[in-house]
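The structure appears below as structure tokens.
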Amino acid sequence: MASRAAATQKSEKFPAPAKTAITLVVNGVSRKLEVAPWTTLLDALREHLDLTGTKKGCDHGQCGACTVLLDGRRINSCLTLAVMKDGANVTTIEGLAEGSALHALQRAFIEHDAFQCGYCTPGQICSAAGLIAEGRARTADDIRELMSGNICRCGAYPNILAAIEQVLAQRGEPAR
Amino acid sequence: MNHFAYSRASDVADAVHQIAADHTARFIAGGTNLIDLIKENVERPTRLIDISRLPLDRIENTAEGGLRLGALAANTTVAYHPEVERRYPLLGSAILAGASAQLRNMASTGGNLLQRTRCIYFYDTATPCNKRTPGSGCSAIEGVNRMHAILGTSEHCIATHPSDMCVALAALDATVVVVGRGGERRIPFRDFHRLPGDTPERDTNLGPDEIITAVELPPQGFAENYTYLKIRDRLSYAFALVSVAVGLKLAGEKIAEARIALSGVAHKPWREPEAEAALAGQPPTAETFARAADRLLHGARGFGHNDFKIPLARRAIMRALSQAAHGTPQSQADKRIA
């Protein structure tokens, strides 16, 4: 009994912070979930919503494998707290295709063999989608610079660059 | 990740009230540095006060003809803002030289000022570090110090400030606007960050109950003759070994006014007013630039692995002054140095 009393005391002294109910609009679908303050958006997507396309690489914002689009802008989901993004729109790799039609970037990555192991690929493609939406890349140098937040350990960079150049060209923004 | 409680600030006054009531709490905005430091067990806040929804993200002209950057304006938003591109391209260039596109989309203006050093010993909780644990000692002075400071160091700390944006803000003579319990306070940029001295745990002169609300730029943006030259181990997404922000005002064949700020070399963006003043009235020649570099680096001291930074900084300063004088700023996409 004494130990139970001690345990009760301990839990009263250090109460577990309450989980917070939040809503995220993920790939166009409103999803309700309860998260602890320290749950990252990356863990919320993977562990709570079973959307495992977004990858955990370094978990420190250095590799870009966790890149998703948040309200249309590419971000590192590993350095984002889910609780802070209540109400936000999130697009992951699972949400880029339209039905059975792959996104132009997905097709281009396949066409150009722009991956080997594939682990960085969801982040590369989401990042490239963000890059295209930003409209700042004109040259191959621009693409290399603006994709530098996405590391590819297999070294598929030339093919990743070619895939993105092709999609930019299709959209009438030719890379020089 | 370590656990912490979470609350939201409803307005600036509430944010100040919350932080004043709990000094073990931290503000969170973009989170790009703080979340990383919490994961590394370097920062251990008991509570995060979310300020990201406060209406502090506006960029607007000031009555004095300058530009006011809200503390929550994202780095990307600032870099690509039409007024920044037109009047303060030095600032935009410096921002785009730092981090990655994803991080710049997340990071706030105020948070950029408050980011911590990337000294490997500060991050490594198994080693002594006076900045992380005051009084425990500095592991870098006799350790692996290739990335460390050569100017303004102390026997307690040789860490560098990692920001690119802040180097441009220093060169532009920006003002940091903060709010505390006593109301609003305006801090000249040169007085915002500190040298390590015997209190390296304090990076800035921001009070414990204060919040940054804005950064203001004066009218003079040096848009005609500027450059941000960053030298690093790889061409992108790496912290500076040495970087140089330069703004020049030319009058005919002479320099009328010069601003030079350095990063990668000190605990804060490094300026030397005497070196800048000595450039006034001089022709923009290699000899002039060499004298300026020598004045800027007067008293520089290496710690072994970082000795190379002294000649590297000298050459980078001369190159940057030449780029600015010729109106050919360093591209942040094509990194070849002409």
Any chance you could count how many residues in the range A:112-160 are part of a helix (DSSP H, G or I), closer than 23 Å to A:L70 by Cα and of a type in the set (A, V, I, L, M, F, W, C)? 10
Any chance A:A101 is small (G, A, S), out of contact with any strand residue (DSSP E or B) (no Cβ under 8 Å at 6 or more places or on another chain) and within 25 Å of B:A107 (Cα to Cα): no
Mind checking which residues of the range B:1-20 are assigned to a loop (DSSP other than H, G, I, E, B) and more than 8 Å from every other protein chain (Cβ to nearest Cβ)? B:A9, B:S10, B:D11
Does A:R171 count as in contact with an Asp or Glu (Cβ under 9 Å, 6 or more places away or on another chain) and either at pLDDT 95 or above or under 16 Å from A:L105 (Cβ atoms) (or both)? no
Got a number for residues in the range B:303-330 being more than 24 Å from B:G252 (Cβ to Cβ), crowded, with 18+ Cβ neighbours inside 10 Å and out of contact with any Ser or Thr (no Cβ under 7 Å at 6 or more places or on another chain)? 6
Among the residues of the range B:324-338 satisfying the criterion of being under 21 Å from the mean Cα position of the chain (by Cα) and more than 14 Å from chain A (Cβ to nearest Cβ), which is farthest from B:L248 (Cα to Cα)? B:P329
Filter the range B:165-221 for residues that are of a type in the set (V, I, T), under 16 Å from the mean Cα position of the chain (by Cα) and within 20 Å of B:I150 (Cα to Cα) and give the result. B:V167, B:T204
Picking from B:D164, B:D173, B:D124, which residue would you name as being farther than 30 Å from A:G135 by Cβ, of a type in the set (D, E) and touching a residue at least 60 places away in the same chain (Cβ under 8 Å)? B:D173
One residue from B:L67, B:L91 being under 24 Å from B:R116 (Cβ atoms), of a type in the set (A, V, I, L, M) and more than 9 Å from every other protein chain (Cβ to nearest Cβ): B:L91
Within the range A:118-161, of all residues that are within 18 Å of the chain's Cα centre (by Cα) and over 21 Å from B:N105 (Cβ atoms), the one surrounded by the most Cβ atoms within 10 Å (Cβ to Cβ) is A:Y119
Lone unmet requirement of (1) of a type in the set (A, V, I, L, M); (2) at the interface with chain B (Cβ under 9 Å from one of its Cβ atoms); (3) within 23 Å of B:S236 (Cβ to Cβ) for A:A36: (3)
Helices (runs of 4 or more DSSP H) contained in the range B:87-202 and holding at least 1 residues within 20 Å of B:G31 (Cβ to Cβ): B:89-96, B:101-106, B:109-113, B:120-123, B:165-171
Would you confirm whether any residue within the range A:147-166 is in contact (Cβ under 8 Å) with a residue 60 or more places away in the chain and within 21 Å of A:S30 (Cα to Cα)? no
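Residues are listed down the side, and each one gets a yes or a no for (1) touching a His at 6+ places or on another chain (Cβ under 8 Å); (2) in a loop (DSSP other than H, G, I, E, B); (3) surrounded by 24 or more Cβ atoms within 10 Å (Cβ to Cβ); (4) without any contact (Cβ under 8 Å) to a residue 12 or more places away in the chain:
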| site | (1), (2), (3), (4) |
| --- | --- |
| B:R234 | no, yes, no, yes |
| B:A245 | no, no, yes, no |
| B:A256 | no, no, no, no |
| B:L262 | no, no, yes, no |
| B:K268 | yes, yes, yes, no |
Being surrounded by fewer than 14 Cβ atoms within 10 Å (Cβ to Cβ), away from chain A (no Cβ under 14 Å) and in a helix (DSSP H, G or I) narrows it down to one residue among B:A277, B:A293; which is it? B:A277
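Residue-wise test of (1) within 27 Å of A:D86 (Cβ to Cβ); (2) surrounded by fewer than 19 Cβ atoms within 10 Å (Cβ to Cβ); (3) out of contact with any helix residue (DSSP H, G or I) (no Cβ under 9 Å at 6 or more places or on another chain).
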site	(1), (2), (3)
B:D36	yes, no, no
B:L56	yes, no, no
B:R68	no, no, yes
B:L72	yes, no, no
B:V78	yes, no, no
B:H81	no, yes, no
B:R87	no, no, yes
B:L91	no, no, no
B:A101	yes, no, no
Out of all the residues in the range B:281-302, which are touching a Lys or Arg at 6+ places or on another chain (Cβ under 9 Å) and hydrophobic (A, V, I, L, M, F, W, C)? B:F289, B:A290, B:A293, B:L296, B:L297, B:A300
So B:R118 fits all but one of (1) more than 19 Å from B:R194 (Cα to Cα); (2) within 14 Å of chain A (Cβ to nearest Cβ); (3) not β-branched (V, I, T); what number is the exception? (1)
Hey, any hits in the range A:99-121 for a residue that's out of contact with any His (no Cβ under 8 Å at 6 or more places or on another chain), touching a residue at least 24 places away in the same chain (Cβ under 8 Å), more than 10 Å from chain B (Cβ to nearest Cβ) and at positive phi? yes
Examine the range A:90-97 for a residue that is under 12 Å from the mean Cα position of the chain (by Cα), of a type in the set (A, V, I, L, M, F, W, C), within 14 Å of another protein chain (Cβ to nearest Cβ) and within 15 Å of A:T40 (Cα to Cα), and state whether such a residue exists. yes
Considering only strands (runs of 3 or more DSSP E) fully contained in the range B:21-83, which possess at least 1 residues that are in contact with a Pro (Cβ under 9 Å, 6 or more places away or on another chain) and without any contact (Cβ under 8 Å) to a residue 40 or more places away in the chain? B:25-28
If I filter the range A:58-67 for residues that are crowded, with 16+ Cβ neighbours inside 10 Å, among the aliphatic types (A, V, I, L, M), out of contact with any Phe, Trp or Tyr (no Cβ under 9 Å at 6 or more places or on another chain) and modelled with pLDDT of 95 or more, do I get at least one hit? no
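The values are calculated or read from the model by the stated rules, or taken from the named source; none is laboratory data. This one's a predicted model, so the numbers in the text were calculated from it and none came from an experiment. When we count neighbours, we look across all protein chains shown, and the Cβ atoms used for this are built from the backbone with ideal geometry, even at glycine.
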